[in-house]
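Quick note: the coordinates plus some simple rules give every number you see, no bench work behind them. Keep in mind that this is a model prediction, so the values were computed, not measured. Reconstructed Cβ throughout: ideal geometry from the backbone, glycine too, with neighbour counts over all protein chains shown.
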Amino acid sequence: MVINEKVFNEIKDSLTIDEVNRANELYENGRVKLNKINYTNQDNFVIYAEIRDGNSLYKAYLSVSNGEILDLNCDCDKYKSTFGACLHIYSIAVALNNNKLYQNLFSGNEDNKDDVSEKDKYRLFRQMLNSFYNDEQKAVNDKVYSGLLYEIKPILFFDTDLKNIKVEFEILNGSNKYKIKSIVDFYDNILAKNIVKYGKKIEFMHCIEAFENNSQNVLKFLMKYAEIIKYVNERNSKYFRMAVGDSCIEISENAMDDLFDCLKGEYAKSVIENSTVDVKFVDSEPDLKFKIENESDTEFKISTDEDIYNYTIIPGTKYIYFFRDNKIYKCSKKYNETVLKLLNVFRVNFAKEIIFTKAEFADFYSLILPKIDKNVDIA
């Protein structure tokens, strides 16, 4: 055994059968994370661990010296009431006892138990081994997240002319939610896989796997621009320049393309003129319509029933975005230079119809109509 059998059984015998079974179940389901191991031999070692039991995360500690339990600790209710071994402490003993690396190196080695000089001789090697093993174990354990899943939602804030947007983010789990105050801190916590507490009811290890599938695109967007803000602020600090705020993301033209990509087909909570609405991101161009008809024997008119005032054009790098009636449509640059250009002619001239002579129809037919034919009805 990796652990002295007397110590192992002492911990086990202090538990009920149900507690022993629960501890084994936690180990078998990968809920026991050995954060740090200082191991000399089966009679002398220290273990620090985290155990995910249901929705709770417990930190446990076990120290053994000269074949006796020197100290143990856990932040679960049983330990707090008895100050004795609990199923979580037993689960970390099970985890270490079943660790293949330590089994192969130390189990059954009588020299490690009896020969003090040999123990001292190889102490440096064991310290080195523990250091590398702890790093490797952390990397393995970090791949698995078995806690509750959270959502991350954007909140869009539009200025008065609807052209400038800033995005804040909130973390949700059921009815519990918390607004992220610093997206750079959030970014750092994700990279470090830190356990962070928000308010009284939200606490979890920050990692990509902690978020629902439907939040992954938003998370990717947040991480990309948090990294940019962090880099800019580090550069600004070096040259004593003003820092960029990191409570939100100010949407540039390039960021607008990314924002649309992560929200297309979805509704986003938005604040417009102090009112909260759901804005839908529509992955198509708006079906704007114009009509050509006779005005007189010598004239045609082109008109539209579209609202020529109540819309906003939001520029992107690759696309142009048409915002109307709480919907944002993605438009190609070609659509912007044809259909939206014609709509803008009506807008800037405060007109719902444009009159031209039938003699000029040939010019209209050759220059304009081919570019907007799908959006024009000829009466």
Give me the percent relative contact order of the chain, please, defined on Cα pairs under 8 angstrom at least 6 residues apart. 11
Counting other Cβ atoms within 10 Å, which trypsin sites (Lys or Arg not before Pro) in region 324-362 have at most 15 and lie in a DSSP loop? Lys352
Treating only the Cβ of Lys, Arg, Asp and Glu as charged (+1, +1, -1, -1), what charge dipole size does region 284-378 show about its Cα centre? Round to the nearest 20 debye. 640
Using a Förster radius of 51 Å, what is the FRET efficiency between Ala351 and Arg235 based on their Cβ-Cβ separation? Nearest 0.05, please. 0.55
(i) 30; (ii) 57; (iii) 49: which one is percent of Cα pairs over 32 Å apart as calculated from this entry? (ii)
Any lysines whose Cα falls less than 18 Å from that of Lys36, other than same-chain ones fewer than 8 residues away, would be Lys59, Lys100, Lys138, Lys143, Lys193
Signed unit charges on C-beta, dipole axis of the chain, positive-most listed residue Ser275, Ile378, Ser303: Ser275
Tell me, in nm to one decimal, what length is gained between Leu191 and Asp13 on full extension, where the rule is 0.36 nm per residue of separation less the Cα-Cα distance? 60.0 nm
Once Lys166 and Glu293 are pulled to full extension, the length gained, defined as 0.36 nm per residue separation minus their Cα-Cα distance, is 41.3 nm
